Amino acid sequence: MGLVAKEESLFSSLGWDEDISCEKCGLYKSCQNPKIKVYGNGNKGILNIGEAPGEEEDRAGKPWQGRAGRFLKQMYRRFGIDLFEDCWNINSVDCRPVDKEGKNRKPTQLEINCCRERVLKVIEEKKPKLIILLGGVAVDCLISYRFSHGNGSITKWRGWVIPDRDFKAWVCPVFHPSYLIRQTSGEVAMTVWKQDLERAFTYLNKPFPDFGNEEIEIIDDLSVLNEIKDGYIAFDYETTGLKPYASGHRIVAVSVSTGKKTYSFWLPQKKKDRRPFLDLLANPKVGKIAHNMKFEDLWSVIRLRQPVVNWVWDTRIAAHILDDRQDITGLKFQVYVNFGIPDYDSAISPYLKAKDSKNANSFNKVDELIGSSKAQDLLVYCGMDSLFTYKLAMKQMKELGYDISS
């Protein structure tokens, strides 16, 4: 996903950028100050993205002028950050949304979608080091349209420091200050908010990570796996369904990653051609890693008739140990929050879904990919799963104090 290119304005006389989006949205018609511009000097490279202008912001034509803004400014000052000198400030929606009674309301999905292009242009032009997403609407604006694996509320996203590769910036979702103001007994929420902000600001001086080699090598001859004698591997299967028991189910593709090298291949039909992989599974000197290992373990035993020897790590279980919030242990979520890639499976995911969602033994559509123009995509996707499972395991081991050398 690239940042949206700047388009020529058809609303140039009004200083607006996208007439079609504005006409679809229509909020500008009821505002004192339509399409409030980015505000602040950004001396420290921080971009704050809020929800939408309120009454005070609409009157002044600037973000963060009301009670929530004063509260945010005070809190930032505690961390040595001036809200307007050190930051750029925008909202997910540039015009004030009001209800039938003229009171502030939450922006609709259409309004968020219509303003998203402007938000992306600000990121493209300012190139911030740190992007603070204040509240669920800001998460919806910047993350949800790229992440299709269950977006969830702000409680799912807050606290992560995401090295977002699309924006080449640290992205940090936190509670909106209005949420803290509304809390009647919000000591816990306030403490969490302060900790999240403090953590986010420490990343101002951290360079954006170099993720190294992430190439997937597609192989036909599995003999290269014989070179893996010890250490750790992560491996992944693409199968015709979730359960290996039903007649006709099989493993279609396999990937193996050592971190430095990642191999992906169609599972050979003949056992002698599978032998290097089977020997690797049986090697007690090689520690095995998977995301939800019971899946790979069961398929190995039932369909390959080869038990996996020396399981050492399940990245899904470790994710739960590190953070027990709901709906955060899936591999795609973990890949995004840890390695900054929001989507690498959209071309493949429709084929991985069961044809009959109510039947656990149902077949998916993976077989339709074989021989098609998307066959290569499946192998690359499988390889990415192994590669990021390996990288995630190494990161988790370090965080949990596990001796990787053992």
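The values are calculated or read from the model by the stated rules, or taken from the named source; none is laboratory data. These numbers were taken from a predicted model, which means no experiment stands behind them. Because the Cβ atoms are built from the backbone with ideal geometry, glycine has one as well, and the counts that use them run over all protein chains shown. Just the protein is used for accessible areas: all its heavy atoms, side chains included, with ligands, DNA and RNA removed. Shrake-Rupley method; radii C 1.70, N 1.55, O 1.52, S 1.80 Å.
Observations, loosely collected:
- In the set (1) modelled with pLDDT under 95; (2) of a type outside the set (A, V, I, L, M); (3) in contact with a Cys (Cβ under 7 Å, 6 or more places away or on another chain), the condition left unmet by ASP94 is number (1).
- Looking across segment 64-79, just one residue is small (Gly, Ala, Ser) and more than 29 Å from the chain's Cα centre (by Cα), and that is GLY66.
- Test set (1) in contact with a helix residue (DSSP H, G or I) (Cβ under 9 Å, 6 or more places away or on another chain); (2) open to solvent by 30 Å² or more (accessible area, probe 1.4 Å) - ASN43 fails condition number: (1)
- Scope segment 380-401; condition surrounded by fewer than 23 Cβ atoms within 10 Å (Cβ to Cβ) and of a type in the set (A, V, I, L, M, F, W, C); matching residues: VAL380, MET394, MET397, LEU400
- Residues (among the hydrophobic types (A, V, I, L, M, F, W, C) and within 25 Å of the chain's Cα centre (by Cα)) located in segment 376-406: LEU378, LEU379, VAL380, CYS382, MET384, LEU387, PHE388, LEU392, ALA393, MET394, MET397, LEU400
- Selection from segment 283-332 of residues that are on the phi < 0 side of the Ramachandran plot and of a type in the set (Asp, Glu): GLU296, ASP297, ASP314, ASP323, ASP324
- Checklist (1) buried (at least 19 other Cβ atoms within 10 Å of the Cβ); (2) at pLDDT below 95 applied to SER30, failing item: (1)
- Restricting ASN292, ASN359 to those that are over 18 Å from TRP160 (Cβ atoms) and modelled with pLDDT under 95 reduces the list to ASN359.
- Condition met for GLU57 (touching a Phe, Trp or Tyr at 6+ places or on another chain (Cβ under 9 Å) and more than 30 Å from GLY330 (Cβ to Cβ)): yes
- Considering only residues in segment 46-91 that are open to solvent by less than 10 Å² (accessible area, probe 1.4 Å) and without any contact (Cβ under 8 Å) to a residue 40 or more places away in the chain, the one that is nearest to PRO207 (Cα to Cα) turns out to be PRO63.
- Check on THR258, touching a Gly at 6+ places or on another chain (Cβ under 7 Å), of a type in the set (Ser, Thr, Tyr) and open to solvent by 10 Å² or more (accessible area, probe 1.4 Å): yes
- Scanning segment 99-118 for residues that are open to solvent by less than 40 Å² (accessible area, probe 1.4 Å) and of a type in the set (A, V, I, L, M) yields a single hit, ILE112.
- Within segment 177-232, the set of residues being open to solvent by less than 30 Å² (accessible area, probe 1.4 Å), touching a Phe, Trp or Tyr at 6+ places or on another chain (Cβ under 8 Å) and β-branched (Val, Ile, Thr) comprises ILE219 only.
- Of residues in segment 344-375 being closer than 30 Å to VAL312 by Cβ and open to solvent by less than 10 Å² (accessible area, probe 1.4 Å), the one nearest to the chain's Cα centre (by Cα): ASP345
- Across segment 300-322, the qualifying residues are those that are part of a helix (DSSP H, G or I) and charged (D, E, K, R), and the one among them that is least open to solvent (accessible area, probe 1.4 Å) is ARG303.
- Taken over segment 277-299, residues that are free of Cβ contacts under 8 Å to residues at least 60 places away in the same chain and open to solvent by less than 20 Å² (accessible area, probe 1.4 Å) amount to 7.
- Flag if GLU124 is out of contact with any strand residue (DSSP E or B) (no Cβ under 9 Å at 6 or more places or on another chain), open to solvent by 10 Å² or more (accessible area, probe 1.4 Å) and closer than 29 Å to ASN205 by Cα: yes
- Flag if LYS156 is in contact with a Phe, Trp or Tyr (Cβ under 6 Å, 6 or more places away or on another chain) and surrounded by fewer than 23 Cβ atoms within 10 Å (Cβ to Cβ): no
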